Structure formats: C-alpha cells, structure tokens
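J.: The structure follows.
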Amino acid sequence: MIMNVVNMVMNQSMGSESQAAHHLHLSSSSSSSDYNFSTSINDSHRAMSSEGGAAATVAAAAADASGIPGFALIENLSRINYSYYYYDYWEDEGDRRISKMPLMEGGPWRLYALMSAYLIFVLWLGPLYMKNRQPYNLKPMMRAYNFFMVLYNAYLFVNGCRYLDFGLKCWGCDEAVKPFRSEAIGIVWLAFVSRLFDLIDTVFFVLRKKQSHVSFLHVFHHTLTPIVFWHGMKFTFYPVCIFPIFINVFIHCVMFTYYGLATFGPAVQKHLWWKKYLTKMQIIQFIIILIHGLQPMVLRDCPYPFLTRIQSAGSAFFIFLFVSFYINAYIRGNRCPGMGPSKSEANGIANGSNKHSITDQNSNGHIKPE
C-alpha cells in the first residue's frame, strides 16, 4: 500500500513537471511570437520613418534651394499665365475704346516686332546691303515725304486745337485728368501713326549711305517715342498726357517745311538762315513740356497719371542734349558727329556732303526733337 502511495505521488510530480514544461513551451512560443510581432511593427515604423525622413529631406532641400539666386524666379515664372499677359491683361487694364484701332488691340507685341525690324535694318541689315552699292538718289522722294509730313502734322495740330481748346484742357485738375472723349481717338491714333512715319527718315539715311547720321540720339528717340506713345494711349488716354504731342506736331510742321525747302538746292537754301532758330524752338518745346509735367508737384491732390512724370523726365533729358548741341554747333562752332552742323556749315559754307548743312540738297535735317 505504501508502494501505491509512492507511485501516485511520483506520477503527480511528473504530471506537474510535464504541465510546467508545457506551460513553459507555450510561454516561450508566446514570447517568441510577441517578439516577432513587435519586431515587425518596429521595422514598419523604421521604414515609415525612413520614408518620412526622405520626404523631409526633399522638402528641406527645396527650402534650401529657394535661397539660391534665380531659383525662386524660375519657380515663379513657371506659375505665370502667359496667355493672360499676352492679350487679356492689356484689354482688362487698358482703355477698351482704343482697342478698336489698328495695332492697339491686345498687347504691344506687333509694335515691338516693328521696332525690332527697324533697329535691325538701320543698324545692321541696311548698312550691310549698301556696303558695295552706290548711294540712292532719293531727293524727289524725300521732297514728297517732307511736304506730306508738313500737311499731315498741320492736320493734327488744327484738330488738336479743336479737341484740346488750344491746349488749355491739358492744364489743371479738371478735364486734364478725365478720360479723353471718344471722338478724339481717331486723331490721336493718327498722331501715333505719324511716329511710325518718322522712321522713314532713318531709312533715307541708310539708303543714301549717310550712316554717320544715324546717331544714338536719332535712333533712341525714333525707337522710344512710338513705344511710349502706344502705352500712354492704351492706359492713360487723358488730355494731360496728350499735351506733349500737341506741341510737337506744331514743331514738326516747321521742321519738315525746312527740310522740304532744303531739297530745292542753293537757290532756296540761301534763304534758310533761320535754321538755328528751329533748334531754339525745339528747346523751348521741351521746356514747356517739362513745366507741364511738373504739375503733380503743385497740385498734389490731383490724380495725375504716372506718365506725366515720365514725360517730364524725358523732356529734361532732351533739353540737355539739345542745349549741348546748340552750344557746340552755334556758339563754339564745334561739330557734333551725327548730331548737328558746325558754325561754318550752319552759315552755308559746306560742300554738300553733310546732311546738317543747308547746302546739302539731299538733306533731311539734323537732330529731330520729335
């Protein structure tokens, strides 16, 4: 019996050990499973952190790159709606009444193309074409051109007097800063076209092989004036902005009359002693425009367009150039290459080869204040 009790105790002990071993195995398996699951989760977190780090690195690199000169500009340029600025911007911000006229619809791109073609011809293509050719005799054509311009500018001046009340509407803070009436659009547009006709002047110089007369002042003025005129008419179609053109067409009448008469030869040229007074008229013109453009400094509460300040600054620039020319040509008697005559040439003592001399039968004038 004692032996039976001992066997029972030993069996229970072995059962307990087996159960303990079984539980240990289960616990071990569970721990292993938990370890593997935890490891899997940590690996996933590390992978996600790695991806997030890469994204953060890219973002940081982009932020650093934004500080590189030109990067922000390139980024901004890529966001611009170019089709809008090509056409719609000019129609939305400009005077829609002006868009009905030729060359005025949309942006100034056709005018820019025309002025680019002008510069290419007078500075490169024209001289290259004339390099091995004889100068053209354009005297009849130039005479017709000059007198056509006299009549054209006279027509503009007469109508300008009618629409601007002889220029009085261009002063002060009443009608001067109000949109110009629609009936005047046609005449102002014709004044703009006259600036394009002025380009023919330079073409005559090139075809006559007078390239030395294609001076910086001449080309600068003939190029800039139509561009400023276009933008002014498009955005600031007010009497105050038209005033410089009103004065200038009168000066053109006198100027082209002189040039046209000079084409008739010595019989007429001897009576053109008043050339230096034409230069004085041009200087007075710019002084008046300068004073006119300073109105915003006096009438500070008046909403003058910014173009008046540009016109005033341009007048000051041309006053300097023309006064310098007058001093050199008529007081010191020094020749300014491509700009004007010497004192002897102004007195008619020249051989006819200089466009600035009144004895040059094919001349079409000196610097033009246009």
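J.: Looking only at region 255-281, how many residues end up being under 18 Å from Y326 (Cα atoms) and touching a Lys or Arg at 6+ places or on another chain (Cβ under 8 Å)?
T.: Count: 2.
J.: Still on this structure, please answer the following. Looking at region 165-173, can you tell me whether even one residue there is over 29 Å from G107 (Cα atoms), more than 22 Å from the chain's Cα centre (by Cα) and crowded, with 21+ Cβ neighbours inside 10 Å?
T.: No - not one qualifying residue is present in region 165-173.
J.: I would also like to ask the following. Considering only region 200-213, state which residues are surrounded by fewer than 18 Cβ atoms within 10 Å (Cβ to Cβ) and either without any contact (Cβ under 8 Å) to a residue 40 or more places away in the chain or not small (G, A, S) (or both).
T.: Within region 200-213, I200, V203, L207, K209, Q211 qualify.
J.: Another question, then. Hey, which of the helices (runs of 4 or more DSSP H) in region 60-147, taking only ones fully inside, have at least 3 residues that are at pLDDT below 95 and of a type outside the set (G, A, S)?
T.: 71-77, 89-93
J.: Need the failing condition index for Y238 against (1) surrounded by fewer than 21 Cβ atoms within 10 Å (Cβ to Cβ); (2) within 20 Å of W90 (Cβ to Cβ), just the number.
T.: (1)
J.: Could you list, in sequence order, the residues of region 193-237 that are outside any helix (DSSP H, G or I) and under 17 Å from G314 (Cβ atoms)?
T.: Passing the criteria: D198, T236.
J.: Moving on to the next point. Of all residues in region 258-277, which are buried (at least 18 other Cβ atoms within 10 Å of the Cβ) and of a type in the set (V, I, T)?
T.: Selection gives T263 alone.
J.: Do you know which residues across region 192-206 are touching a Pro at 6+ places or on another chain (Cβ under 6 Å) and modelled with pLDDT under 95?
T.: none
J.: Same structure again: Within region 107-136, which residues are surrounded by 14 or more Cβ atoms within 10 Å (Cβ to Cβ) and either in contact with a Lys or Arg (Cβ under 8 Å, 6 or more places away or on another chain) or acidic (D, E) (or both)?
T.: Within region 107-136, P108, M130, Y136 qualify.
J.: For region 274-305, what are the residues that are in contact (Cβ under 8 Å) with a residue 60 or more places away in the chain and not in a helix (DSSP H, G or I)?
T.: Across region 274-305, the qualifying residues are L299, D301, C302, P303, Y304, P305.
J.: Against the definition (under 15 Å from V240 (Cβ atoms) and either free of Cβ contacts under 8 Å to residues at least 24 places away in the same chain or under 30 Å from the mean Cα position of the chain (by Cα) (or both)), how does R181 come out, yes or no?
T.: Spelling it out, R181 is indeed under 15 Å from V240 (Cβ atoms) and either free of Cβ contacts under 8 Å to residues at least 24 places away in the same chain or under 30 Å from the mean Cα position of the chain (by Cα) (or both).
J.: Okay, moving on. Hey, can you tell me all the residues within region 295-322 that are more than 20 Å from K178 (Cβ to Cβ), exposed (fewer than 15 other Cβ atoms within 10 Å of the Cβ) and over 21 Å from the mean Cα position of the chain (by Cα)?
T.: M297, F320
The values are calculated or read from the model by the stated rules, or taken from the named source; none is laboratory data. Here the structure is a predicted model, which is why all the values come from computation and not from measurement. Cβ sites come from the backbone with ideal geometry, for glycine too, and all protein chains shown count toward neighbours.
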